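Visitor: Here you go, one structure.
The values are calculated or read from the model by the stated rules, or taken from the named source; none is laboratory data. These numbers come from a predicted model, not from an experiment. All Cβ positions, even for glycine, are placed from backbone atoms using ideal geometry, and neighbour counts span all protein chains on display. Side chains included, ligands, DNA and RNA excluded: accessible areas come from the protein's heavy atoms. Shrake-Rupley method; radii C 1.70, N 1.55, O 1.52, S 1.80 Å.
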Amino acid sequence: IRIAIAVSKRGAQMLRGGADKPRTSPYSFQGLGEEGLVMLAKAREKTGRPFGTEVVDTETGAVVAQYTDMLQNGTRNRQNFALLKEVGKIGKPVLMKRGMSATLNETLMSAEYLMVNGCRNVVVCERGVRTFSSHARNTLDISIIPAWKQVCHLPIIVDPSHSSGRHYSVIPHALAGLGAGTDGIIVDVHDRPEEALCDGPQALHPEEFSKLMEISKGICNSMGKTIGTDKTV
Ligand code: PEP
Ligand code: MN
């Protein structure tokens, strides 16, 4: 809630937090489940900002949907068509992350699974793809943005936190995304990243988030775009 207020004051338009976490290792922190959803709802109440969170399986979709404004479909579930169908049927907006090895067409077809099942508002997210490189968590594929815009009207946003995995690369990745024409940025922020239970190394400090917002506004203005609204807590 503290971090939600910090980013909201600095111009974040929406919040995202993970109540259920899809972790590579079963020994890693798995999230707080419904307790986490209650916290996210409180963060919304305090800031007036809507939030999104991930649905990790078909069993929990209905509970998550009771709380959240937007449902997230994670990269590891891009090919889980049963889940895409269930999430689509809920009818709430969906943030669908590109699979870590998915082509543009496969990404498009996953979005179609959501839409034919009833979801009318899909936002796609480029979060880096799997390559041979080891200097970053993933390889940010900004080349998908202009290509996506040739074939699809759905908004596409960039996740520079999961693409870089390293806090010093987050702002450069975000700016590359803006330059390529992204419709938005989803970024991890933490005021005590060393205490984060997940993804601390890729979190921006709130002051760095302010810097990102400031530079982004300049870039967007020069491209004739505006960032969200002026609403703040
Ligand atoms: C996340 O957004 O926290 C997440 C797990 O992302 P991805 O599915 O892109 O790995
Ligand atoms: Mn994460």
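Visitor: Looking only at region 64-80, filter to residues that are in a helix (DSSP H, G or I) and within 13 Å of ligand 1 (Cβ to nearest atom); which one of those is nearest to the chain's Cα centre (by Cα)?
Guide: The first filter runs over region 64-80 and keeps only residues in a helix (DSSP H, G or I), leaving 64-67, 75-77.
Restricting the remaining residues to those that are within 13 Å of ligand 1 (Cβ to nearest atom) gives 75-77.
Working: Thr75: 10, Arg76: 14, Asn77: 14 Å.
Result: Thr75.
Visitor: Output the number of the condition that Ile1 fails; it satisfies all remaining conditions of (1) under 18 Å from Asp191 (Cβ atoms); (2) among the β-branched types (Val, Ile, Thr); (3) open to solvent by 20 Å² or more (accessible area, probe 1.4 Å); (4) under 16 Å from the mean Cα position of the chain (by Cα).
Guide: (4)
Visitor: Does Gly99 fit the bill of being at pLDDT 95 or above, open to solvent by less than 50 Å² (accessible area, probe 1.4 Å) and not in a helix (DSSP H, G or I)?
Guide: Numbers: at pLDDT 95 or above: yes; open to solvent by less than 50 Å² (accessible area, probe 1.4 Å): yes; not in a helix (DSSP H, G or I): yes.
So Gly99 passes the test.
Visitor: With respect to the numbered conditions (1) surrounded by fewer than 16 Cβ atoms within 10 Å (Cβ to Cβ); (2) within 16 Å of ligand 2 (Cβ to nearest atom); (3) in contact (Cβ under 8 Å) with a residue 12 or more places away in the chain; (4) not aliphatic (A, V, I, L, M), which one is the sole condition not fulfilled by Thr24?
Guide: Every listed condition holds for Thr24 apart from (3).
Results for (1) buried (at least 22 other Cβ atoms within 10 Å of the Cβ); (2) more than 16 Å from ligand 2 (Cβ to nearest atom); (3) in a helix (DSSP H, G or I); (4) touching a residue at least 24 places away in the same chain (Cβ under 8 Å), shown as yes or no for each residue.
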| site | (1), (2), (3), (4) |
| --- | --- |
| Thr107 | yes, yes, yes, yes |
| Glu112 | no, yes, yes, no |
| Ser133 | no, yes, no, no |
| Ala136 | no, no, no, yes |
| Lys149 | no, yes, yes, yes |
| Leu154 | no, yes, no, yes |
| Ala176 | no, yes, yes, yes |
| Asp191 | no, yes, no, yes |
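Visitor: Ok, one more. Condition first: assigned to a helix (DSSP H, G or I) and within 18 Å of the chain's Cα centre (by Cα). Now tell me which residues in region 84-96 satisfy that. Step through it out loud before you land on a result.
Guide: The initial filter retains those residues of region 84-96 that are assigned to a helix (DSSP H, G or I), namely 84-90.
The answer is Leu84, Val87, Gly88.
Visitor: Of (1) of a type in the set (A, V, I, L, M, F, W, C); (2) open to solvent by less than 40 Å² (accessible area, probe 1.4 Å); (3) within 15 Å of the chain's Cα centre (by Cα), Ile185 satisfies all except one. Which?
Guide: (2)
Visitor: Continuing with the same structure: Please pick out the residue among Leu83, Leu104 that is within 16 Å of ligand 1 (Cβ to nearest atom) and either of a type outside the set (Lys, Arg) or more than 28 Å from Ala176 (Cα to Cα) (or both).
Guide: Working: Leu104 fails: within 16 Å of ligand 1 (Cβ to nearest atom).
It is Leu83.
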